[in-house]
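Take a look at the structure below.
Derivation of every value follows stated rules applied to the coordinates shown; laboratory data play no part. A quick note: this is a predicted structure, and the numbers were derived from the prediction, not measured. Note that we place each Cβ from the backbone using ideal geometry, even for glycine, and neighbour counts take in every protein chain shown.
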Amino acid sequence: MEVPLPVVIAKEDKWFVASCPILDIATQGETEEEVKEMMKDLINDYFNDPDTPKPELRTIMQVSLTNIPAEIPEGVLHSKASPPTTA
């Protein structure tokens, strides 16, 4: 059975860090492609390990992703990129 799992990937300094919150696992890689492949392998290892407790299917299927708008005071974040524009 193939089930889509939410994975968050973020750039932290020179590393790409990937986490799968529903399984409580994470990994890192030097490139985005590398970290995706490493996460895929880690998820496979997770489900193939008989000693690792697994979540219920309904728990996995009830996951939702959303963005929460946050007011961030000016100067708190340091960025070389221009802020996103709204249309």
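Restricting attention to the stretch 31-45 and to residues that are loosely packed, with under 15 Cβ neighbours inside 10 Å and touching a strand residue (DSSP E or B) at 6+ places or on another chain (Cβ under 7 Å), the residue that is farthest from Leu65 (Cα to Cα) turns out to be Thr31. Scanning the stretch 42-82 for residues that are assigned to a helix (DSSP H, G or I) and either closer than 13 Å to Val7 by Cα or over 21 Å from the mean Cα position of the chain (by Cα) (or both) yields Leu42, Ile43, Ile60. Just to be sure I understand, how many residues within the stretch 17-36 are farther than 27 Å from Thr59 by Cα and either among the polar types (S, T, N, Q) or outside any helix (DSSP H, G or I) (or both)? Adding up the residues that qualify gives 3.
Note on the stretch 10-29: residues that are surrounded by 11 or more Cβ atoms within 10 Å (Cβ to Cβ) and either under 23 Å from Lys54 (Cβ atoms) or among the charged types (D, E, K, R) (or both) amount to 9.
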